[in-house]
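Contents: one structure, followed by commentary.
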C-alpha cells in the first residue's frame, strides 16, 4: 500500500468521492474553497479539470450518483452543489441549488448541511441540515439538477447516514447512537432499532454487501471501529472492535470508514488510511496502512475521508492539511489465529489473558469472559505466539498462519502460587466487626475488590510474589492502607478502622451521581487530565499525599479539552448520609479543582458545594474563578448552619450554562472532624490542664503547648488508630512547646502525655 500521487492544498481538505466515465477515473475533492474535480488517466499525475468555487468552510462533503456529483457545506452555505459530469472531461458545469422545505413544522430554504448521501435508487439524502437536523429525502431520478422533496426524518441530529433497500442507518453523533429506520415511506420513516456505539459519539457507518453486518466509527480519541451482527434487529450483537495498536495511546481518532469486498477502508485523523480485513466481522485485522500526515499525533488533523470504489481499486483520500492523496492499495486476507486459554490445573477459562504474535508489527488481543480469543496477522508463515496473564506463568508456542485461513490454538497456562488470606475489619474503638466493609487489594497483577461479610470478614486470594497494598474502609470510618510483602510468610490480617467521615476515594463508599448534562458526568477514577495552550484544564493527578490515586472528576474519557467536559447541563455527586450528632463542633473540609474557560464570550459557569439536613440546603461556596490547581477549602462549621446534624449530606454540582464553555471540576480529600473533640476520660482524678494542641486539625505541623509540668521527666506519645506508637519523645518541666506531625500520614491520632506512674492527658490529633 503506497501513495502514488499527492496534490497539495494550502487551504485544506475535507470530503472526497469518485467518478468514472468513458474509461477515465476521477476524484471529487472537497477543498475549503470549492469542490474540485481531478481526472486520473495517469493516477500518478492527477489533472485538475474543474473547480466549483464556493464559500470558505471547513466542511465540504461530496457524493456521486449517475453523471452528477453533489456537495454540501456546513458552517457557511452554498446550498446544494450540483456538478454535471456528462461531458467530462471536455465540459463540466455546476450550479448551486436550493429549495424551500417544510419538515417537522419548520419551513426554510436548504442552507447548511453536514453530509450528503445517495442510495442505489437515486434518493438524495441531506443530513444535519439547519434547521431540521435530521435527514431530508429527495428524488433525483427525474431531474438530477432539481431534486424533488419526498419527506424527512428529524428525531435526532444526523451527522451522516447510509441507506440501502429502504433501510437507513443514521449516525446520530450527539446522542451516541446508530439508529436504524424503515424508509419505504419517505414521508413517514419508522425507527426499527438503535445501537449505542462504544464511545457514544457515532460519526459514520457502512453496511456489508449482504446487509447482515454494520460497521461504525466514533469520532473520539482512542475510539474504535466496531462491527455488529444486524441480521436480527431485535437482537443486535457487538462482534468486535478495532483500534490500531501502533498508535494506541496517542489520541488517534477514527473518522470515516467504507466497506468494500469484505474490507474496511478507514480514514484516521493523524494516522492515515488503514485497510481492515472484515471478512470475519468477529475478528477485525489490519492488513494495510499508509499515513498522509506527519505532524504530532492527536487532534483533528490529517486524513478526513476515503473513497475506495474506483474500478482500478485506486483509493482517493482527502487530508485536512495535506490535500488530495492517490493511493495504490494491496488487499490481502488476514491470517486468523483463534482459540481459548485455560488454567492447566482445573481447566477453568482464563479471562483477560494476553495473546501476542511475535512479529515486528505491534499486536495483542485479550481473552474474553469465557477465555476465548481472536487475533491475526497480515503475513503468512510460522511464528511464535506468547500467551500470558499476571496470575500465570507465560507460554510461548509455535503457530502456523495462512492467509484467509483460521488457525486454532488452544493453550493452557500454569497458575502462580496463591494463598487464601482472611481479612477481618473491626471498629478500632469497640473491636466490633464492620459488616460490609469494602476491601481492595492492589497487586502487580491488578486489583481485586471484596465486600466483608456481616462478621467483617473477607476471604481473599493473594498471589505470593510481590509487595501488595490493601485498602479497607466503609462510610462512617476512615479508610486504612496496609503494605504487605507477600514474598514472606502470609498470615491473616485484622484491620482496625477509626470511626469518622473521611474519603480519599480509594474505595467506592456509596456516593451517587445524577446529571442533566450531555457529557462530563462525575466519575471516581484515576484522572487522565486535559491541557489547552499549556494550561491544565482538568487535573491529571489526584490530591497529593492522600490514599490511592483516584478522585472524583467531571468526565475522564478523553485527553482533548472539550471532548468530555461538562456540556449543556449540570452533574451532581452526593455523599451518603452522615450522623454528626455526637460531634461537639463538626467541621467539613475538602480539596477542589475548577477551570472554566474557552467557548463564546466570558465564562459564566460554576461549581457549587452544599450541605443538606434532610429539609434545608445550605450553600457552602460557589466557585466561578478558575485555579487550574488543587485548592483546600476553608473550614465549614456545621452547627452554625444547622440545628440538627444527624442526617447531613454533602453535594457538589458542576454546571455548564448557556453559552457553552469548557467546564472541569474535581473533588478529593473529603473529611469531617470534630474541632472540639471530647478529651478522653482515661485521665487522673485531679483537675489538670498540662497540654494543648494549636491549630488542630493541621496540615503540615502541629504545635503542642505545655504548662504546669511539675516533674522533671515526661513522655509524649503519638498513637495511631491501631494502638501503635508511631512517635515517642521525652520532655522536661522546662519544655514549653514541641512541634509534631511532620512525618505523619493524613488521619486521626491520639497524643498521650505520661509521667512515670500514669497517663496524664490524652488529646485527639487530626492531620488533613
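Return the FRET efficiency for the residue pair residue 352, residue 300: r is the Cβ-Cβ distance, R0 is 35 Å, and the value is rounded to the nearest 0.05. Efficiency computed from Cβ-Cβ geometry: 0.60. Considering all different alpha carbon pairs of the range 203-294, the Kirkwood hydrodynamic radius works out to 13.1 Å. For the range 283-346, the relative contact order comes to 28 percent (Cα pairs under 8 Å, sequence separation of at least 6).
Diffusion coefficient of the range 512-674 by Stokes-Einstein, Kirkwood radius over Cα pairs, 20 °C, 1.002 mPa s: 133 µm²/s. Across the range 2-328, the volume of the C-alpha convex hull divided among the residues equals 117 Å³ per residue.
Dividing the alpha-carbon radius of gyration of the range 196-244 by the rule-of-thumb value 2.2 N^0.38 Å gives 1.09. Calculated on the alpha-carbon coordinates, the convex hull of the range 391-540 measures out at 245 cubic angstrom per residue.
Work out the FRET efficiency for residue 209 and residue 577 from their Cβ-Cβ distance, taking R0 = 41 Å, and round it to the nearest 0.05. Given R0 = 41 Å and the Cβ-Cβ separation, E is 0.10.
Compactness of the range 421-499 was expressed as the Cα radius of gyration divided by 2.2 N^0.38 Å, which yields 1.03.
If the chain linking residue 261 and residue 420 were pulled fully straight, counting 0.36 nm for each residue of separation and taking away their Cα-Cα distance, it would gain 51.9 nm. Direction-averaged projected area, Cα convex hull, the range 691-767: 4.6 nm², rounded to one decimal. Across the chain, Cα pairs under 8 Å and at least six residues apart give a relative contact order of 6 percent.
Find the percent of Cα-Cα distances in the range 1-134 that exceed 17 Å, and round it to a whole number. That fraction is 58 percent. In this label model, residue 436 and residue 482 are separated by 2.3 nm, measuring between points 7 Å along each Cα→Cβ vector. Averaging the sequence gap over all C-alpha pairs within less than 8 Å and six or more residues apart, then dividing by the number of residues, gives the range 2-328 a relative contact order of 14 percent.
The shape of the chain can be summarised by an equivalent ellipsoid whose semi-axes, obtained from the alpha carbon gyration tensor, come to 62, 32, 22 Å from longest to shortest. Compared with the alpha-carbon gap, the fully stretched path from residue 726 to residue 742 is longer by 4.6 nm at 0.36 nm per residue.
Normalising the Debye intensity of the range 335-413 to I(0), with uniform scatterers on Cα atoms only, and taking log10 at q = 0.14, 0.20, 0.24 Å⁻¹ returns -0.39, -0.79, -1.10. Expressed to the nearest 5 percent, the antiparallel share of DSSP beta bridges inside the chain is 95 percent.
Distance from the Cα centre of the range 504-577 to that of the range 320-362, in angstrom? First find each Cα centre; the distance between them is then 33 Å.
Taking 0.36 nm per residue of separation and subtracting the Cα-Cα distance, full extension of the segment from residue 600 to residue 21 would add 203.7 nm.
Distance between the modelled labels on residue 535 and residue 398, one decimal in nanometres: 6.2 nm (7 Å Cα→Cβ projection).
Here each label is just a point 7 Å from Cα along the line to Cβ, and for residue 331 and residue 312 those points are 1.6 nm apart.
Just so you know, all these numbers are worked out from the coordinates, no wet-lab data involved. All values reported here derive from a predicted model rather than from experimental measurement. Note that we place each Cβ from the backbone using ideal geometry, even for glycine, and neighbour counts take in every protein chain shown.
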